[in-house]
Structure formats: structure tokens, C-alpha cells
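For reference, the structure discussed in these notes is given below.
The values are calculated or read from the model by the stated rules, or taken from the named source; none is laboratory data. For clarity, every value in this text was computed on a predicted model and none was experimentally measured. So basically every Cβ, Gly included, is an ideal-geometry build from the backbone, and we count neighbours across all protein chains shown. Remember, those area values only see protein heavy atoms, side chains included, never the ligands or the DNA or RNA. Shrake-Rupley method; radii C 1.70, N 1.55, O 1.52, S 1.80 Å.
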Amino acid sequence: MKYWLGLALSSAIALAAATLSTLIGAFAALGLAKGSLRGSALLETFFRLPLQVPFVVTGVVFLQFYYLLFDAWRVPLIG
């Protein structure tokens, strides 16, 4: 019985957090799109960071791979 209470409490907290974050995100998006804030470009960049970070990490990994490939077989990758 304790497990069901824990599941219910966790589900209620998750639902409340999802609802609140959706409302905050929707109002923030509307404010950035319709409003004229002074630092709106900086805020848009900040909100796009989670989309850009995986590409940067992938680029660094490929660069390390190319360096290892060059060290192992002296394959010229430039030019």
C-alpha cells in the first residue's frame, strides 16, 4: 500500500511541475516574441543553449577522433 501512495504523490508532484513549467515557458515565449525587451537577444540565446550544446560536444568528439586517426596512421585530414 505504501508503494501506491508514493506513486500517487510522485505523479501529483510531476504533474504540478510539468504544468507550472509549461505555463512559465509559454508566457516566456510569448513575452519574447511579442514584447520588446532590451536583452531579448541574450535571453533567446540562453534558451537555445540546450539545443546547441549537443552539437558542440559532437564536434569536439569528432575533432579528438581525427587527432587520434592522424596520430595512428598519419592520415592528412587538412586540405
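Worth a mention:
- Where F46 falls short, out of the listed (1) open to solvent by 60 Å² or more (accessible area, probe 1.4 Å); (2) among the hydrophobic types (A, V, I, L, M, F, W, C); (3) touching a residue at least 12 places away in the same chain (Cβ under 8 Å): (3)
- Scanning the stretch 50-79 for residues that are under 10 Å from the mean Cα position of the chain (by Cα) and either surrounded by fewer than 10 Cβ atoms within 10 Å (Cβ to Cβ) or in a loop (DSSP other than H, G, I, E, B) (or both) turns up P50, L51, P54.
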